[in-house]
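Okay, structure first, notes after.
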Amino acid sequence: MDPQEAKGIIGDIEQFCSDEVHQTASSRLQKENEETSSAWASSSAHSSADYLTKASEVEELGITTLATGYRGAASLLQDAADQYQLAALAHAQGERVEGEYRRSSGKSLQATATYKAKAYEVEEAGERTLSMDYKELATISQRAADHFQRAAEAQAEGKVTEAEHWNLSGKSRQSQANYQEKAIEAREIAETTLAVSYKEAAAISREASESHAQSVQIRGEGKENAGISWGLEGISLQARADYQIKAYEAQEAGKTTLAADYREIAAISQYAAERFKRSAQAYTESTLGYVGLKKQQGDSLRSEGCSLQTKAEYQVKSIYAQEAGKTVLAVACREAASVSQRAADQQDLAHGKFIIEKKDEGLAWHCLGRSLQAVANYQAKASEAEEEGKTILSIAYREAATTSQSAADRYRLSAQVYADGKESEGICWFFEGESFQAIADYQAKASQAEATGVTELAVTYREAIIMLQDAAEQYQKLLQTVVTGKIWDKSIFYWIGRSLQWQTDYKVKANKAQHAGKVMLADEYREAAGISKKVAAYCQRATQIIAEGKKDEESSLTQVSQYFQSAADHKAEAAEKREEIESEKSVIKKDNRVLHSKPISNSQKFDHSIKSKALLVFCEKWLAETGLATEYPQIISDYVMDVVKRGADYELVRAFEEYRNHVIKAHELGDDPLALGWIQVAEGIQQAIKDSIQQAEALKNKNKKLSNDWKNTVQVMQEIAEYRNQYIEASLVSQTPEIKGEQKKIIEGLQSAADYLRKAAEARASKNEQGYKHFKEVANFMKESVMKSEKSVKILEKLVDVGIEKYPEVSISWRKTFHQYQESAKYYCKAGEATSRFNTICYDRYKKAADSAEYSAQLLEGASVALEKAIQAKEANQEELAVLWFRTARQYEASVEYYREEVNAEASGNTIDYNRLCKARYPAKASAQQFREASITFEKAIQAREASQEEVAALWFEATKKNQESAEYYHKAVEAKLREDAVDGSQWENLAASTRSSADALWTQTKRAEEELKLANKNRKK
């Protein structure tokens, strides 16, 4: 099952659950004061002045502690006044939500001031325990105010979801304070049971607040699903706290039945909270790579939680309706609660299937739960609409509920046949269920649009319903074909009918975008819908082929259908991305000079020279060959149709079409040399397409090794296309000749690698194992050469940096590094060529030269980096650090020199010097590496000291000392080995290694200390 099929499965449930719970949560909290924010600001400022007056009065009486408390309260009230003023400003600017958050912050600050004043008053009266209680209340309310302020700031920055969770966190914190205050009051009058109830509600409210804060943090880390679940847990926990109190209050009032109802609702909310928490944990495990269907488990647990919480809210609505004498509505809400429980049961069943990794069956139960929840929601909405006298809307909701039940029935059948091992039948029932649920949703949306006067959108929804009914019929026809056993390839099930559904979605999206004034986005959606419409027609043709039993042709038609729909999806996704980030995607769009080259004069465009005419003819011929379309439907060329039928990779085909468009635009502008450049890129992609077809064929024949060989070839061809793209860009901008030269070498090297990888794959296909190994070895050398050329390009780009030019010593060092990588690339290429000719003698010589140049390059790179860091430290007045980095650079340079002498000694046949220098090679490099480690740990020590982390800094300084000692010992080992003192050299080397181990242990200890400090700081903030 495609992962995208799960998209939207829980969206409606979560939205309903979130809307219902948020609405109820808002009604449970104190209603907003009807006075304006400005009036609140004025009132708060007056109260601040009153406290200042009180402070002066008690100070005159010598009660200084109380005076301090009153002044603190006055300051808090002034802060509250400031928040009210900001709220007034936000409202004046039309930022209603931000204004509400600011006002909530002001109210919490007012509460903080009141608690603080009371704390000092009761302390003055000698009630120290009560004083501590009020100080704690002040702290809690202050946190609530802080969270409301964060909500306002996030809202102002456009972070709407983050703002909402900070808002809910603030509300729960304030609820904690309110309940805790009531617990104190109950305790003071010896109402122990009541005090315990309020205290428990306060503790749960705190948990709810922490869940919302956790949601913000987790989402900030990019874990969206886990963040949503933490937020929902917070909502359910707060509901539990509030309903527990309602139960107690009802019991105290002698309303036993009502109390029992609220206790049940509180228990349901707790169950929901537990599901949300487990859901968050499952999502987190999925991001950490745990084995199993963790993401799907998270989905089912979250949907179960939503259904349970929705059940709780329907039971509350039933109570309110009954109390208001609305008996019919009360009955409807109770029925909706019952159906919500059934929906939750299906999600629990789905979760069980996901645990044992029965994904398709689990998804069917999951969607069944979704549809049952939709039944509950639409039935309840129908009753509410009827109660409000909206008869037509009520009828529409009941129709949507009936259709949702039909969807649920089909999902149930899907799950049952999946359980029986009838996968093909399961797919058909599943997609028919999807169609029915989409019909139900559009039935409701159409009536809502009509009720609000948005006629055009209502018409679109009605058209969508007709198309989806057609899709459902297609799935039913397919099911009958499956049952009779006339279909071999199950993938065709996915594409027939799905194209109708996607066409529907894109048409609706187009209408919505048009309604929102996003004309360009609407046009793109309409184009995507048009492609999907033609896909539907093509799929109809596929059904005829299936009926005739032409298996091979049916398979190719399936491939084409898939490509068509992927093209439609790609168009829509690209439009959405452009709309969202308003940035241009390709290099062509980033720089008009690449594609939209300057129009040339007529004399140039129509130059009658043989070369220009030949180029023009070539471009037109190539475009004609790759663009001809004779087969129905004519939405892609015959070439594309052919390769897609044969199993070509869709992404490659799409890339080819994009590059072909670049050719067209350049040719239309008369810039045929540029068009030729793009043709070369496109032809490289065409070769990759051929290779991908071979890959698909190998996979089809279950030859995984051969498939991987072709896959490697495809990947290298893709790299070639990317580099050719960059090369064209470099040719049109002010790029240095050296960089362009290296890029050309990379392209040539990759081309050779691809050619030999292709030969290797062909050899394996013909069972020529010796030939396979030979060609693979040559390809590997070519890839090594490319990797060194890529290093060369990065260094050249660094040398272009103006900052580097200011430091000649650094530039010279990087230039030496560049030349060594360049040499290494050259000799790896020659080693590959020698291998291809079976020239062992030349191979050995070139391979040794390549390895030698690479080793020198790595040492020089270490020296260059160290020199850069030394200069940076010196400019920052960090002299000790600069000295360490300079020492590192010098040691790397010394290692290079020793190695150069070693190579020369070997070349001249000086065996004695060669052996002596060869033994010194490792400790010389190790000394440089330890000086580098000493520099790094010293830098960390400085940073820790600046952050006042003295213990951590001390550990880093100790690690620096050990690294430096190790470096010095390795240096002494070098000196001993150069003078051929083997015993002394071995002793120094062993001592160096031992000291390095101590430094490594200190590194581990220090990182652990940093983590502990970070955790301690986090807990302190809480």
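Bear in mind that the values in this text are calculations on the coordinates, not laboratory data. Since the structure is predicted, the reported quantities are computational estimates derived from the model, not experimental observations. FYI the Cβ positions are ideal-geometry reconstructions off the backbone, even for glycines, and counts take in every protein chain you see.
Things worth noting here:
- Projecting the Cα positions of GLN514, VAL160, SER692 onto the charge dipole of the chain (unit charges on Cβ atoms of Lys, Arg, Asp and Glu, taken about the Cα centre) puts SER692 furthest along the positive direction.
- Whether segment 911-1021 is rounded, prolate or oblate, judged on the alpha carbon gyration tensor where a/c under 1.5 counts as rounded: prolate
- Its DSSP H runs of at least 4 residues, each contributing -39,500 (n - 2.57), put the calculated 222 nm mean residue ellipticity of the chain at -30500 deg cm²/dmol, to the nearest 500.
- Three-way shape label, segment 36-75, alpha-carbon gyration tensor, a/c 1.5: prolate
- Qualifying aspartates and glutamates (Cα of each under 14 Å from Cα of LYS847; at least 8 residues distant if same chain): GLU777, GLU784, GLU823, GLU833
- Cβ-placed point charges (K, R +1; D, E -1), dipole of segment 394-435 about Cα centre in debye, nearest 20: 160 debye
- Quotient of C-alpha Rg and 2.2 N^0.38 Å, computed over segment 330-391: 1.38
- Each of SER300, SER211, SER998 has some number of other Cβ atoms within 10 Å of its Cβ, and from fewest to most they run SER998, SER211, SER300.
- Above-threshold pairs, the threshold being 28 Å between Cα atoms, out of LYS571/LYS791; LYS794/LYS925; LYS794/LYS874: LYS571/LYS791
- Tensor-based shape of segment 115-187 (alpha-carbon gyration tensor, a/c under 1.5 rounded, otherwise prolate or oblate): prolate
- Highest to lowest packing among 281-287, 425-431, scored as the average C-beta count within 10 Å: 425-431, 281-287
- Here the contact order of the chain, divided by its residue count and restricted to Cα pairs under 8 Å and six or more residues apart, works out to 4 percent.
- Charge-dipole axis of the chain as Lys and Arg at +1 and Asp and Glu at -1 on Cβ define it, positive-most pick from ALA850, ASN377, GLN715: ALA850
- Listed residue (SER197, GLY222, GLN180) projecting farthest to the positive dipole end of segment 173-255, Cβ model: GLY222
- Cross-link pairs exceeding 25 Å between alpha carbons, from the set LYS702/LYS767; LYS705/LYS776; LYS295/LYS711; LYS740/LYS783; LYS645/LYS704; LYS704/LYS788: LYS295/LYS711; LYS704/LYS788.
- Residues VAL793, VAL483, VAL535, VAL97 arranged by fewest to most Cβ contacts within 10 Å: VAL483, VAL97, VAL793, VAL535
- In loop segments of segment 193-282 as defined by DSSP, the trypsin sites (Lys or Arg not before Pro) with at most 15 further C-beta atoms inside 10 Å of their C-beta are LYS255.
- Estimated dipole of the chain in Debye, rounded to 20 [Cβ of Lys and Arg +1, of Asp and Glu -1, Cα centre]: 2540 debye
- Relative exposure of CYS306, CYS333, judged by other C-beta atoms within 10 Å (fewest first): CYS333, CYS306
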